[in-house]
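Notes for the one structure printed next.
The values are calculated or read from the model by the stated rules, or taken from the named source; none is laboratory data. Predicted model only: the values in this text are computed from it and were never measured. Reconstructed Cβ throughout: ideal geometry from the backbone, glycine too, with neighbour counts over all protein chains shown.
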Amino acid sequence: MKPLKSVKLLVIHCVANPCNRPFSVENLIACGEAKYGQCSYHYYVRRNGDIVPLLPESVQGVHARHYNYCSLGIVYEGGLDENGQPADTRTEAQKHSLYELLKELTAEYPDARIIGHCELPKQRVPIELVLNWPSRDGSRQSQLPHVAKRCPCFPASIEYASLQPENRTAQVVTLN
């Protein structure tokens with residue numbers, strides 16, 4: 001396993017399993033090991049809201065092609081509806097746990113940008129461009145194609161806008 005250089009991105013993924021069927025921690029780890037020789041993600045958020053640490057934050061995951069060297073991978077159980085179609089299937093417990101986990105991680109890595117896997121550029125671009133990708137307010141579309149996945153089925157960069165670096169620094173209160 002390669003060491004992680006620095007954390008510039010917090011990448012949100014879904015397992016892409018039907019929301020009416022559990023996907024165990026063991027299955028998640030086994031899938032990564034079979035495909036990549038190691039677990040893919042750093043954290044797993046179960047349907048009941050439990051957060052399961054998988055990889056140490058100091059180790060590179062295998063979850064975001066071209067950006068594994070500078071990102072932590074966070075995956076939640078679900079992502080497909082009962083018929084196997086892509087959908088935002090997060091439970092209220094998962095939404096709460098994801099927010100709390102991201103709040104902790106952004107406190108530890110204050111310059112890290114939160115982004116959904118589907119929001120990443122399809123081709124390799126300099127990390128500086130990714131840090132401004134997509135537009136912070138969701139109004140600007142990039143000229144480059146995004147990854148051909150619908151994971152996750154919600155705009156993570158916008159949903160967690162209050163935790164993005166430019167908004168966290170704006171929330172700092174100065175005492176005179």
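For Glu82, state whether it is out of contact with any Asp or Glu (no Cβ under 9 Å at 6 or more places or on another chain), surrounded by fewer than 16 Cβ atoms within 10 Å (Cβ to Cβ) and assigned to a helix (DSSP H, G or I). So Glu82 does not fit the description; no.
Residue count for region 143-176 under the criterion of being within 21 Å of Lys103 (Cα to Cα) and modelled with pLDDT under 55: the result is 5. Of the numbered criteria (1) within 17 Å of Pro152 (Cβ to Cβ); (2) surrounded by 21 or more Cβ atoms within 10 Å (Cβ to Cβ); (3) at pLDDT 95 or above, the one Ala64 fails is (3). The C-beta contact set for region 13-42 (first residue on the phi > 0 side of the Ramachandran plot, second residue crowded, with 18+ Cβ neighbours inside 10 Å, distance under 7 angstrom, 6+ apart or interchain) comprises Ala16/Gly79; Ala16/Leu80; Ala16/Cys151. Note on region 1-18: residues that are surrounded by 13 or more Cβ atoms within 10 Å (Cβ to Cβ) and assigned to a strand (DSSP E or B) amount to 8.
Within region 47-61, the only residue that satisfies the criterion of being surrounded by 22 or more Cβ atoms within 10 Å (Cβ to Cβ) and within 25 Å of Val125 (Cα to Cα) is Gly61. With respect to (1) free of Cβ contacts under 8 Å to residues at least 24 places away in the same chain; (2) over 30 Å from Glu128 (Cα atoms), the lone exception for Gly84 is condition (1).
All of (1) under 20 Å from Ala112 (Cα atoms); (2) assigned to a loop (DSSP other than H, G, I, E, B) hold for Arg21 with one exception: (1). Filtering Tyr36, Tyr44, Tyr69, Tyr76 for residues that are within 20 Å of Leu105 (Cα to Cα) and surrounded by fewer than 21 Cβ atoms within 10 Å (Cβ to Cβ) leaves a single hit, Tyr69.
Of note, Glu119 satisfies the criterion of being in contact with a helix residue (DSSP H, G or I) (Cβ under 8 Å, 6 or more places away or on another chain) and within 18 Å of Pro165 (Cα to Cα).
Select from region 110-142 the residues that are modelled with pLDDT of 85 or more and farther than 26 Å from Ala16 by Cβ and list them in ascending order. Answer for region 110-142, where residues must be modelled with pLDDT of 85 or more and farther than 26 Å from Ala16 by Cβ: Pro110, Asp111.
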